[in-house]
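The values are calculated or read from the model by the stated rules, or taken from the named source; none is laboratory data. Bear in mind the structure is a predicted one, so any value in this text is a computation, not a measurement. For neighbour counting, all protein chains shown are included, and Cβ atoms are generated from backbone atoms with ideal geometry for every residue, glycine included.
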Amino acid sequence: MEIPKKGVATIKQDFNELIITIPAQKNWLVIVFSSIWMVGWFFGETFAISMLFSSDTPIFANLFILFWLTFWTLGGFMIVFNIFWMLFGKEVITFQRQSLKIARKIGELGRSKEFDLKQIKFFSENSFYTPNAFIRQKRNRSLKSLDFTRGALKFDYGMETFYFAKGISQAEAKKIVEKLKTLPFVDKAIFA
């Protein structure tokens, strides 16, 4: 018999706020592959730097190496960030009396956006969301479906739709929306 899965989000509530913490999705294949790839990246980086400072390298070759090294370094930083995000990242969603704050953090570092609750409309689960981006790509057969920014929850704010809560399933998103509807400090108008 199949055992029902528990949600991944942790929810803390007091009288004035509700805090939902969602850990980043961990794809161990990507983490291991990226970590091994970073070893090769390091050797490529050190070799390119040594070539750059070699006295017998022609100036045109140095310019090309400098150009290549710039993008190679940026790519390496992106891979390291991705590894740290998968290992230590979290999305913290805070509902307060006047605002909704969505923060994406690695440890305590990160960025956040804050929204006026009175301006939020059509807050709901995203019925088109699939937690695994590669499944989305396979289903839709387009690169547009490899959108890593969408999430299981969404709302309209002015003339823009915001998506968040990437690490949860649709079922868990529905439970969170149901929980929000019971909060005394969340105006029910945001769900319409």
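Some observations on this one:
- Tally of residues being in a loop (DSSP other than H, G, I, E, B) and either within 17 Å of the chain's Cα centre (by Cα) or closer than 24 Å to residue 30 by Cβ (or both) across the range 59-111: 2
- Any hit, the range 51-59, residues being more than 24 Å from residue 107 (Cα to Cα), modelled with pLDDT of 90 or more and out of contact with any helix residue (DSSP H, G or I) (no Cβ under 7 Å at 6 or more places or on another chain): no
- When residues of the range 138-192 are limited to those that are more than 27 Å from residue 4 (Cα to Cα) and surrounded by 15 or more Cβ atoms within 10 Å (Cβ to Cβ), the one modelled with the lowest pLDDT: 145
- Of all residues in the range 105-130, those satisfying the criterion of being surrounded by fewer than 18 Cβ atoms within 10 Å (Cβ to Cβ) and among the charged types (D, E, K, R) are 105, 108, 111, 113, 114, 116, 118, 121.
- Checked against (1) surrounded by 14 or more Cβ atoms within 10 Å (Cβ to Cβ); (2) more than 30 Å from residue 155 (Cβ to Cβ), residue 21 meets all criteria but (2).
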